[in-house]
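Worksheet: one structure, shown below.
The values are calculated or read from the model by the stated rules, or taken from the named source; none is laboratory data. None of these values were measured; they are calculated from a predicted model. Quick reminder, even Gly has a Cβ in these numbers, built from the backbone with ideal geometry, and neighbours come from all protein chains shown. What goes into the accessible areas is simple: the full protein's heavy atoms, side chains included, and nothing from ligands, DNA or RNA. Shrake-Rupley method; radii C 1.70, N 1.55, O 1.52, S 1.80 Å.
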Amino acid sequence: MFDAMDVLILSYLLVAAGELALDTQGKTLVILANNLGMLIGAALFGRLADKFGRRKIFIATLLLYSLGTGAAALARSWLEFAVVRFFAGLGLGGELPVVATYVSENSPPERRGRNVVLLESFWSLGAVLAAATSLYLFTSIGWRASLVLLSLTAFYALVIRLALPESQRWIESRGARPPEAAAAPRVDLHRLSIVSSIWLMLAFGYYGAFLWLPTMLVKERGFTYVGTYEFMFITTLAQLPGYFSAAYLVEKLGRRPVGSLYFLLSAVSAVLFTYSRASGELVVWALALNFFNLGVWGVIYAYTPELFPTAVRGAATGMSGSAARVGMILGPMLYPLYSSSALIIIAAVWATASALIWLLPETKGRAV
């Protein structure tokens, strides 16, 4: 929840932080810095989680991005803002794969997929809070004071340290490693390349679309700033039932069919949103886009840790997450070039991912 709030608040800051003189180029560079930090963080902290444990790295990443968020409130120019967002991105990128791995390893096979999707459903709550923060706090106390309040998530590190145990699977894998060092498992590179491609395509579309939606509504659909915040707040509410539906279906139908279907319906929603002009139509297709695309995020987060053995799970999930950050970097570059027509390209990418997921094995109910 805190991750999502911190990542998605950036799209509203690009509109609200007028005193930083953010033109389209400046906004693009800020997004690039944030996403580059997330790319490096996912690969770095995924490996560190395999070496030092899931819980310790979970705490370290939380502290890093919380402090980075608070420091962003002190930025005096878009360049300073970009630098701080890079360091916050390191923590954000690192935490996401570590947490998914942690929950997957601490769940029984029959509930593992559901648990990880439910974990990821809190991303939608964070998205709602980001929209609510922009609508109510940005307009009352300002964006700088709002970021200071968001940085207080650092105190949640105490809860993690006191309440959560280390992953038992990680502890067992470390204990078994010395006598089996010569036979230590390696990452299946063929499988990793497919998973990483799916992550890249998913993030390419998600960040290419959602980071620019507020700007798109203001520039191309004639929305006011307050109207844009209201639109985003309402349509973001569809993310939570999208996650819940995916959480139910992954244990009933499996990871592959649900992921493929939700990818395809995300693509359809993006196309129909592009060609909509009336406010009612925009709301309907934005609701559908939020529902299906956030649902597929939950499926992929649940699916990825199950595809790799414990000893390399953090690293493999982290490398897949790094591929997502490449998508985060490339995707947002579309809108400055193609305006809202960028959503057509995004839809084609998602349709490709819908087919690619069938190249992976089904893991529903399997021990990992």
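Let's see how each residue does on (1) farther than 18 Å from ALA72 by Cα; (2) surrounded by fewer than 20 Cβ atoms within 10 Å (Cβ to Cβ); (3) in contact with a Gly (Cβ under 7 Å, 6 or more places away or on another chain); (4) not hydrophobic (A, V, I, L, M, F, W, C):
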| position | (1), (2), (3), (4) |
| --- | --- |
| ASN115 | yes, yes, no, yes |
| LEU119 | yes, no, no, no |
| ALA127 | yes, no, no, no |
| ALA131 | yes, no, no, no |
| PHE138 | no, no, no, no |
| ARG144 | no, yes, no, yes |
| LEU152 | no, yes, no, no |
| ILE160 | yes, yes, no, no |
| ALA163 | yes, yes, no, no |
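When you scan segment 181-190, do you find a residue that is out of contact with any strand residue (DSSP E or B) (no Cβ under 6 Å at 6 or more places or on another chain), closer than 29 Å to LEU289 by Cβ and open to solvent by 80 Å² or more (accessible area, probe 1.4 Å), even just one? No, segment 181-190 contains no residue that is out of contact with any strand residue (DSSP E or B) (no Cβ under 6 Å at 6 or more places or on another chain), closer than 29 Å to LEU289 by Cβ and open to solvent by 80 Å² or more (accessible area, probe 1.4 Å).
Looking at segment 344-368 only, could you name the residues that are among the hydroxyl-bearing types (Ser, Thr, Tyr) and either at positive phi or open to solvent by 40 Å² or more (accessible area, probe 1.4 Å) (or both)? Result: THR352, single match. Out of segment 205-217, which residues are touching a Phe, Trp or Tyr at 6+ places or on another chain (Cβ under 9 Å) and either open to solvent by 40 Å² or more (accessible area, probe 1.4 Å) or within 17 Å of ASN35 (Cβ to Cβ) (or both)? GLY205, TYR206, GLY208, ALA209, LEU211, TRP212, LEU213, THR215, listed by residue number.
Against the definition (over 20 Å from the mean Cα position of the chain (by Cα), crowded, with 18+ Cβ neighbours inside 10 Å and at pLDDT below 85), how does SER173 come out, yes or no?
yes
Taking the residues in segment 54-63 that are more than 19 Å from SER320 (Cα to Cα) and either touching a helix residue (DSSP H, G or I) at 6+ places or on another chain (Cβ under 6 Å) or of a type in the set (S, T, N, Q) (or both) as candidates, determine which candidate is surrounded by the most Cβ atoms within 10 Å (Cβ to Cβ). Only one residue tops the list, namely LEU62. Of the helices (runs of 4 or more DSSP H) lying entirely inside segment 190-285, those containing at least 1 residues that are among the small types (Gly, Ala, Ser) span 225-236, 239-252, 255-274. Of everything listed in (1) among the charged types (D, E, K, R); (2) open to solvent by less than 40 Å² (accessible area, probe 1.4 Å); (3) out of contact with any Lys or Arg (no Cβ under 8 Å at 6 or more places or on another chain), the single unmet condition for ARG255 is (3).
Checked against the criterion of being in a helix (DSSP H, G or I) and open to solvent by less than 20 Å² (accessible area, probe 1.4 Å), the candidates LEU48, LEU29, LEU13, LEU36 yield just one match: LEU13.
This table checks each residue for (1) among the aliphatic types (A, V, I, L, M); (2) under 18 Å from the mean Cα position of the chain (by Cα).
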site	(1), (2)
MET232	yes, yes
ARG255	no, no
VAL283	yes, no
LEU294	yes, yes
GLU306	no, no
GLY318	no, yes
MET328	yes, yes
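For first residues located in segment 15-34 and over 13 Å from MET333 (Cα atoms), partners that are among the β-branched types (Val, Ile, Thr) and in a loop (DSSP other than H, G, I, E, B) and lie 6+ apart or on another chain with Cβ distances below 9 Å form the pairs ALA16/THR139. Report, by residue number, each residue of segment 71-113 that is of a type in the set (S, T, N, Q) and buried (at least 21 other Cβ atoms within 10 Å of the Cβ). Within segment 71-113, THR101, SER104 qualify.
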